[in-house]
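Chemist: This is the structure I want to talk about, given as structure tokens.
The values are calculated or read from the model by the stated rules, or taken from the named source; none is laboratory data. Everything quoted here is computed from the prediction, not taken from an experiment. Every residue, glycine among them, receives a Cβ derived from its backbone with ideal geometry; neighbour counts consider all protein chains shown.
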Amino acid sequence: MNGQVVPTPWRAELWSRMRYCFVIKTAGITAFTWLFFIGYFHVLRNPVYPATPMPLTVVDEWIGFQPAALWPYLTLWLYLGFAP
């Protein structure tokens, strides 16, 4: 060898990172998400203090509710497990 390092194409590197410990990462992400939501819903149902309603701001009035914006928000659950 002449000492040169050949760079790996980024797609091959990404695929390699996704495959590395795939089962462990999938189980870990699933377990963490499950535990997070157990705690989240417990706090939601049993608050320490009463909820404080937040007043609307000027920005809230400028940007109305857009039902079409729900789709990008919900796609979070599709890419949550894509940790390289």
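Chemist: For residues that are modelled with pLDDT of 90 or more, of a type in the set (F, W, Y) and over 30 Å from M18 (Cα atoms), tally how many sit in the range 29-73.
Modeler: The number of residues fulfilling the criteria is 3.
Yes/no per residue for (1) surrounded by 10 or more Cβ atoms within 10 Å (Cβ to Cβ); (2) of a type outside the set (D, E, K, R):
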| position | (1), (2) |
| --- | --- |
| A31 | yes, yes |
| Y40 | yes, yes |
| N46 | no, yes |
| A51 | no, yes |
| V58 | no, yes |
| E61 | no, no |
| A68 | no, yes |
| L74 | no, yes |
| W77 | no, yes |
